[in-house]
Structure formats: C-alpha cells, structure tokens
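Undergrad: Here it is, the structure, as structure tokens.
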Amino acid sequence: MENEITKIVEDSWQKKRLSLMEEIDRAARAVENILTLENYHREGHKVETVGQSLGEFGSHALDPNALATLLSQGDEKRRMSAERLERIQKIYRELDQIRQGYRQTPPQGKIVSIEEETQKILRRSEEHLNSMARLFGLIRMAHMEVKAKYHTEEHDAYFSRFNWRQMDDTEVSLCPPFIVWGETQKTSESFYSKFLALLSEGVPLKILFFFSELSKRASAEGRLIPLHGSVNLELLPLTFRKIYLLQTASVNSNLKEQLAKGLSVPRPGVFFILKKDETLLSRSEEALASRAFPYIAYNPEASTDFVSCLDLSANPDVHRLWPKTALNYLTGEGKAETLERDFTYADFASREKGLKDQFTPLPSNISEEKAVVLSEYLTRTPAERTGKVPFIYAVDEKKHLIQLVPSPSIIAQTADRMHLWQSLREVAGIDNPHLRALEHKLKTQLTEDKEKTVNQLKAEMEARLKAGEKQAVYEAMKNLAVRLMGLEGAKIDIKSFVSHALSAKVPTMARSQASGLKEAAAEVQKKPSGDQVWIESKLCTTCDECITINKKIFGYNKDKKAVVLDPKGGPFRDIVKAAEKCSAKIIHPGRPLDPKEKDLDKWVKRAEKFQ
Amino acid sequence: MTVLSMEEFLEKECGDHNYELEDYEAEVPRWCKGCGDHGVLTSVQKLLRDRKINPEDVICVSGIGCSSRFPHYLKTYGFHGIHGRALTLSEGVALARPDLHLLTVMGDGDCFSIGGNHWIHALRYNFNATVIVLDNEIYGLTKKQASPTTRQGVVTNTTPKGAYLKSLNPLTLMLGVTNISFLAQTATWLPGHLDNTLNKAWDHKGLSFVRILQRCPAYLSSSFEATGPDFPAVFLEGEGGIAVDKGMLQKASVIQHDHHNLLEAQKVALTETPSPMGLIYYDPNVPTYGDIRRRRIKTLDRPGLIAGLNAELDKYTVKQQHG
C-alpha cells in the first residue's frame, strides 16, 4: 500500500518539485552574481589579474602595474562591508548545500500511517515544514540582499524566528507534501477523533484515506446505526471550512490531476479514495451513481462563498435524488426488454456479493397496491408507508425480471444515503426548499406579469391604431389644404427636431473649449500685488537660464520650477536679462527696487516688453 | 500574526520609499542653459518621484548626441550606447530584464537618421519601453549639422546654402509601421502637457513612442518660432487620451481626436501646421515582443531540446580507440 501511495505522491509532486528547484536556483544565482561582482571589485584589478587579462603580448606592450593602479581607483568604495560579504557568503553556502543535496536526493514527500500517535504525527509534520521554512527564509534573504535592503538590526531577529506559519501560500504549496494515510479495514473506530485532532491544528498535512468496502453490515437488531458509523465524512467541509476535500474513486480518469492539485494546496487536505480492487473495479461507476460514494470536491480557494467551493458536478444526474438507469432483462418468451428505474443504494447493494442475504423475493401474496418501489417509498411520510412493502427490481440468473424486498437495515441505509445526498445538494446550492419556493413564486409572478403586460400592450396597440388612423386622415387633409390653398402648414415639429439632432455634436465641442478657456484664464497665475518681479512658475520649462544669470534672485521649488527667491538678490539688470532669455517667456520684471542702479532707464525700457 | 506573502514581505522591506528629486539626480547636467533637455530630465525625475519608483528599478538607455547624455544625469541604471543603436540595446534589455522600467532617450539625428533602420523594426517588435526622442531639428553636440527634421532652407554647417530637402515627418512614417501601439507628441514649452504625456507613455505596456519638440538655444534658437510658445500647435483631446491641463489652454486650442482610429491618426499626423500635441495613436492590445517570446519559452520542451542537442553533438565525439 505504501508503495502505491509513494507513487501517487511522486506523480503528483513532480512538477512542483521542478518549481521548487527553480526557485532555489534563482535565489542562489542571484547571490552568486553579487559575490562574483564583489570578487571583481576585490581581485579584478590586481596586477596579476590585469597582467593575465592583457596576455603575454599585452603585458609587454602595456605596463600592468600602472594599469592596475589606474583601474583600482575607487575600488575601495565599491566594495561591500566585510560583515555583509560574510552574510551573503553564508546564504549562498547554505542555499548551494541544499541545492546540491536535492540534486543527489530529490526532495520527497513524507508519508506516515494514521495509526501513529496523533502528537507524533503533528510533531513530525511541523518538523518537516520548518525545515522547508529555513530554506524559504534563505530565499527571502537572498532576494533582499540583491536589493541591498537587508539590515542586520531589523531583519536578523525576523529571520531567526521564521517558521512555517510565516510562509506564504506559494511557499507552502512548493513544500513536499506531508501525507497521513489510512484505510477502512485497518483503522480503529477512533479514527474520526483523530481526523479532528489532525485537522484542527491547521498544519497543511494531507490525509489520504482509502475505502474498499462501502456497505455496512446490518447490526444484530437490524437497526441503524451505531454513532461512529453514521458520522458523515462527506460533510467535513461544514466543520472545517478551510480544508480541501476530495472524494473520488481511484478509477477516476482525472484522479492524478485532482490529486496533484489537492496535494499542493497550502492548507490541510482530506482525500477519500475508493480503492481499486477486483470486485469494485467494474462497480465504482455504480457506487457513484447509487450515491453510495458520491464524487465531492471542496476547494476553499475556488471562491469566497461556500456554495461555489463545493463541486458535485461529476455525479450523474445531479438534479435528481437517484439517477435513472436501464435494467436489461428477458421476458418469459425470451424477448429482450429494458426497464428504466431509479438506481438507489439498495439497487447497488443487491449486486454486492456479501449482501445477498439482505434481500428476499417479494412474496407472491402481496397485492400490487401494497408493493411500492423503494425510491418512491422513501419519499413518503411514515403514515403513508404503513402497510406498504418496498421493493426493488433486479434480474435473476436467467436474466428474468424479479422484485426483491430489502432488509430493514438496507432500507435504512438507503434512506441515509438519500438524506446525505440531499444534504450535499442543499449545501452545494443545487437544490433546497427555499430555492424551490422561490422558483415557484417567481414563476407565478412572471406568468402573471407577462399576461398583464401582454394585455396592456394589446390595449395600447389598439388605441394607437385608432389614433394613427385619425392622425393620418388629419395630415392628409392638412397637406391637401396647403397644396390647394397655398396656406402655411400648422407648426410642424420636424424642422426643429432635425436641426436639434444635427447640432447635437457641435455644442459639446464648443462648450469644452469655451469653458476650458475660461477655466484656463482662472488658472493662470495671477500677478501678485506690488511692483516686484514675478514668475508664472507653472509654465516653467526648467531650462536653467534664469538661475544661471542670478542664483540669488532665481531658484527652483521642489518641483524644479523657477521661483523668485529674493527680488533684492541682485541688480534689476539681471532680472531683465533673465526675462529676455527665459525660453517660456514667463518672467515679469516689475519695477526696479534700487533707484540708484546704473543705466536704469535703459533696463526699465527693455523690461517693458515682459511686464 | 499576519502572514505576509514573499512578495508582500519583499515589497514591505525592499519596496516603496518616498523619494525627492535629488534622489534621481546624478551629475550636474552639462547641457547649455535654455536647452529643453533640462525640462525633460526634470519631468522624468518628477514622474519617478511621484510614482515612488526605486532608482534601481529603472534603466535609461541612450545613443549619441546631446540628449543621449541623459543617463549620466538620471541616477538610475544607465547605458550610454553608440550612435543610432539605442533601440537595439534597449530591446536586449527589455528581453533580458523585463522587471526593469526601460526608458530609451534619443535625439532626432540618433533616431531618425543613423538609427532609422532600428527605429522601424523596434516599433514593429513593440518591446516594452518608454521611448522618447528629443527633437530639436539639428545636430547640437557636433555643432550644427542638418538632421532629417531640419526644415527646408535652414542654414547649417552641412547645408551652408540652406537645407535642400523638405524635412522628414517622423509621425506619418511611424503610423505606417505594423504593430505601432503608442505614439504621442509634446513640446518642452508645454511643461504640464509634457508631464502628462510621459505619464501616459510610462503606463503603456509596449513601445510607447513620444516625440518631444524642443529648441536648441545654441545652434538653432530660431526654430519653433524662436520662442516655442508662439509655435502653432493644437492639443488632441479624446477619451483616455492625454489630459490637457487648463493652464495649457492659453497656448493652443483643442480638437477632438479618436486615438484608436489609425486612419484618423494618420490624418492628424500629416498636419504639421498646427502641430498636433497629445496622444496620436494608441492600441493597448498589441502584444509585446517579450511576451510573445516568453510564451514560447514556456512551452519549450527543454529536456527534449537538450537531448536533441546532445545527440547532435555526440556525432562529433572523438572516441579513444582501445587496443
């Protein structure tokens, strides 16, 4: 069995392993690059290295000593601190060690039996994950070093505490899976409590549970069912909404894909698998159809609402309680016939070898009125069931159609499967009483509305037809009058309508521009009060002209737009020169502040253009 | 304790910081005073500051010319390439380091003349980059030679009797290239518009080409109506286009333009007077070359490829003969 599981795990984890190796490689390469560069800064310009690079001929032609001295200028500054170098080397060493190790022995999933002690299983799974956390910690550190953002005082503490609970979903999904496996035959009755204990810790371990038998033996009293047996594992997602659950048969053609997906989800997962064996191989489809082992996939990552996470779509006839299947039989005359019937759990059980004794032929003294097909019997209330005998159709060895009465235990189990299936459909949002009621209500309402609308429209149409006739007559009369007598027609709306439609586009453009210009005028910087120099800074093109002329008068703001720093920072002459040179023509010189300035008249005149 | 994903963790520890303009300033620019390059540099620096972009997450690639000194003055990663080859280098960077923001800066001579071949093919490859051409209609660094956009009749050192030919209209040319995904035009004397244009271009995934008109104060101070502000221009306005700040409206009028319509765009591009300013053409659905190539890499059968390669090379193995 364990070999089989190893194979399943191996198959499903292969791709992820490649991604993990790539992730390690990427981080290792990144730090390796830093180290190579650092090595170049430390060794690359040594005389011997330079000599080697020049080759024999070059070394004679050029002076390696002089070249090395020249090239190594500034190397000191480029080198990293010894502490950082040591840290990066350590990260690289450890990553490389893990990488080499994985190349020799590829990382494998861990497999333990559910028979082991719960605490031991949990401890081992955490150890397994924490060893991976160490690796992902290193990878994170590597990426930080590449960006030169690792600060010892901040990050040392963080990484010393880094454990699996801090890993993100991608990292967890890249960890080799930790598998706990069990099967129905070997498992003790207390396994349900074990499930609870294992899942409630939140450790992303995966429980693989194999079923080989589906039907339960009837208890001595013929009544169902001791508590532990009636626990519905199918409804686990209701208890643990954050786990991944898959129930399927191992003959399912998509099993490999589904397992690969399920085993890599970054959360606990439970997999119930109907084991492949000789007796069940041909019957797994029937087990699926009879709701004895319905297909269930619950993926909490699929959506934020519960209903969309639960997928029952792979079951036949999802919208029915039991699927319809054909039963082939021979009539007394040997003619082949087919009977369509609901395929219930009892129909499935009647074909299981070990349960033959649970079915007896329908006694011949029972009247047709009293005998009711099981699927119908189960939908009746207890009162309606009184006096009725449920039966199922089957064929005997000669392929003749017979009617079998199931034992009370089988009837109870069938009822139980039906109820479970109905519950599953309800929580999956496929069918429930509220939906049905709503559907009914809507249907009635819509039919009523429809009738109402149809009647209304009919009435309107009739009215319009009548009015139309009148209008047409009126128009004709009017046109005739206009033609005949040259009279001005009554005010016809067409003209204004047409002009309105034609002009629809024009005003929008004109408006945007006109309003734009208005706002533009409002946005243009206002001249400040006073007669001093001022700049329309918003329109500055940062061409450096003004600040080159006088850095005291002109400067840049935080957006590197020119502003006046100090109008008294220099002569009026500089202000006017700047205004003349300004490529955006946005400097307005104002009036001179120093009346004694030389050639002032000349400068005031030149400034006029820019005021 | 809240669990941070690796990305969130790295984001928190290595991510956004508030930066000042000085954090993106390297050497003091050696451009002449009055040159439009200053304004473009500041606009780029403001964009980086406002978006809190780490300097180490940006690479600026350039060719040769005054404008191509850009990477020296922008404190990010930089690559001052060779004449006309800024786009080829950029394409390599875009493919090798898709995680970096790539800014390619060229001049009119660099891009439209010697780099003309690469220019066409870069547009068709549509790699992810913000490409700006600082077009002053003259070779400035080498002191006044005619470039493809120098206007007819302009006297330069290579055309002492005036430029013989009509100038090249780079806009119409680009709108004829397959896979063009973003084309905009602006000018340094429209500072608010320049900022908005660069922001729009920065957001586009694919090659966003921005032609920026600017005056060379040293060698062609008469271009663009001498002062720029008097140069006849018209702003293009359209839904999802480049916003025209109200303050800019006094400089030019506005027309409505559908930048998703190639024929409309070609029509607009043909009109040189007034010069269109804004988003001329935009198609965000053109796949980038990087994406196309990476998609193929993902589907590549690596083990199969290596096995095949090994088998091929094994044919040439020299085996030692025994006995």
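Undergrad: What Kirkwood Rh does chain B have if only Cα atoms enter the pairwise 1/r average? Answer in Å.
TA: Taking every pair of different Cα atoms in chain B, averaging 1/r and inverting gives 21.3 Å.
Undergrad: What average number of partner chain Cβ atoms lie no more than 10 Å from the Cβ of the residues making up B:191-198? Mind dumping the intermediate values first?
TA: Details: counts 10, 3, 0, 1, 1, 0, 0, 0.
Mean shielding by partner chains, rounded to a whole number: 2.
Undergrad: If I take every Cα pair under 8 Å that is 6 or more residues apart in the stretch A:525-610, average their sequence separation and divide by the length, what percent do I get for the relative contact order?
TA: Computed value for the stretch A:525-610: 31 percent relative contact order.
Undergrad: If packing is taken as the average number of other Cβ atoms within 10 Å across a peptide's residues, how do B:249-255, A:357-363 rank, most packed first?
TA: B:249-255, A:357-363
Undergrad: In terms of Cα to Cα distance under 18 Å, which lysines are near enough to A:Lys458, apart from those fewer than 8 places away along the same chain?
TA: Those lysines meeting the cut-off are A:Lys450, A:Lys466.
Undergrad: Something else: One-quarter of the Cα convex hull surface for the stretch A:263-390, in nm²?
TA: Details: hull surface 48.4 nm².
Average projection, Cα convex hull of the stretch A:263-390: 12.1 nm².
Undergrad: In the Gaussian network model of chain B, springs joining C-alpha atoms below 10 Å, which of B:Ala311, B:Ala201, B:Ala218 carries the largest mean-square fluctuation?
TA: Sorting by GNM fluctuation, first place goes to B:Ala311.
Undergrad: A further question on this structure: Using the structure shown, list the pairs from A:Lys568/A:Lys596; A:Lys561/B:Lys143; B:Lys33/B:Lys166; A:Lys46/A:Lys149 with a Cα-Cα distance above 21 Å, or answer none.
TA: Distance filter (> 21 Å) returns A:Lys561/B:Lys143; B:Lys33/B:Lys166; A:Lys46/A:Lys149.
Undergrad: If you don't mind, there's one more thing I want to ask. Testing the spin-label approximation: label points 7 Å from Cα along Cα→Cβ at B:Val3 and B:His121. State their distance in nm.
TA: Reported label-point gap for B:Val3 and B:His121 is 4.9 nm.
Undergrad: Considering Cα pairs under 8 angstrom that are at least six residues apart, work out the relative contact order of the stretch A:300-358 and quote it in whole percent.
TA: Reported as a whole number, the value is 20 percent.
Undergrad: Within 10 Å of each Cβ in peptide A:257-269, how many partner chain Cβ atoms are there on average? Round it to a whole number, please.
TA: Mean inter-chain Cβ contacts per residue within 10 Å come to 0.
Undergrad: When the helix-only estimate is applied to chain A (DSSP H runs of n ≥ 4, each -39,500 (n - 2.57), divided by the residue count), what is the mean residue ellipticity at 222 nm, nearest 500 deg cm²/dmol?
TA: Computed ellipticity for chain A at 222 nm equals -16000 deg cm²/dmol.
Undergrad: Using the number of other C-beta atoms within 10 angstrom as an exposure proxy, rank B:Leu305, B:Leu4, A:Leu199 with the fewest first.
TA: B:Leu305, B:Leu4, A:Leu199
Undergrad: Label-point separation (nm) for A:Arg42 and A:Asn455, each offset 7 Å from Cα along Cα-to-Cβ?
TA: 9.5
Undergrad: Something else now. Where is the GNM fluctuation largest for chain B (alpha-carbon springs, 10 angstrom cutoff): B:Gln256, B:Gln266, B:Gln185?
TA: Maximum fluctuation in the GNM of chain B, among the listed residues, is at B:Gln256.
Undergrad: Here is a further query. To check you understand DSSP bridge types, tell me what percent of the beta bridges within the protein assembly as shown (both residues inside) are antiparallel, rounded to 5.
TA: Counting only bridges with both partners in the protein assembly as shown, antiparallel ones make up about 35 percent.
Undergrad: Would you mind calculating the relative contact order of the stretch B:18-285 from Cα pairs under 8 angstrom and at least 6 residues apart, reporting the percent as a whole number?
TA: Reported relative contact order: 16 percent.
Undergrad: Which pairs, out of B:Lys75/B:Lys298; A:Lys585/A:Lys605; A:Lys538/B:Lys205, put more than 27 Å between their alpha-carbon atoms?
TA: Too far apart for the 27 Å limit: B:Lys75/B:Lys298; A:Lys538/B:Lys205.
Undergrad: Additional query: Show me B:17-23, B:116-122, A:5-11 ranked by packing, highest mean number of other Cβ atoms within 10 Å first.
TA: Working: B:17-23: 12.0, B:116-122: 18.0, A:5-11: 16.3.
Top to bottom by mean Cβ count within 10 Å: B:116-122, A:5-11, B:17-23.
Undergrad: If you wrap a convex hull around the Cα atoms of the stretch A:324-434, how much volume per residue is inside, in Å³?
TA: Each residue corresponds to 127 Å³ of Cα convex hull volume.
Undergrad: Continuing with the same structure: What translational diffusion coefficient, in µm²/s and rounded to a whole number, does the Stokes-Einstein relation yield for chain A at 25 °C and a viscosity of 0.890 mPa s, taking the hydrodynamic radius as the Kirkwood radius over Cα pairs?
TA: 70
Undergrad: Of all DSSP beta bridges in chain B, what percent run antiparallel (nearest 5)? Please list the in-between numbers first.
TA: Numbers: 7 of 41 bridges.
Beta bridges within chain B, antiparallel portion: roughly 15 percent.
Undergrad: Additional query: Between A:His419 and A:Glu201, what is 0.36 nm times their sequence separation minus the Cα-Cα distance? Round to one decimal in nm. Before the final figure, lay out each step's value.
TA: Working: separation 218, 0.36 × 218 = 78.48 nm, distance 3.05 nm.
Value of the extension gain: 75.4 nm.
Undergrad: For peptide B:26-36, how many partner chain Cβ atoms fall within 10 Å of a residue's Cβ, on average?
TA: 3
Undergrad: Using the basic label-point model (7 angstrom from Cα toward the beta carbon), what is the A:Lys596 to A:His151 distance in nanometres?
TA: It is 5.5 nm.
Undergrad: Okay, helix-only estimate at 222 nm for chain B: each DSSP H run of n ≥ 4 adds -39500 (n - 2.57), divide by all residues, round to 500 deg cm²/dmol; what do you get?
TA: The helix contribution divided over chain B gives -9000 deg cm²/dmol.
Read-outs: derived from the displayed coordinates by stated rules, not from any lab. None of these values were measured; they are calculated from a predicted model. When we count neighbours, we look across all protein chains shown, and the Cβ atoms used for this are built from the backbone with ideal geometry, even at glycine.
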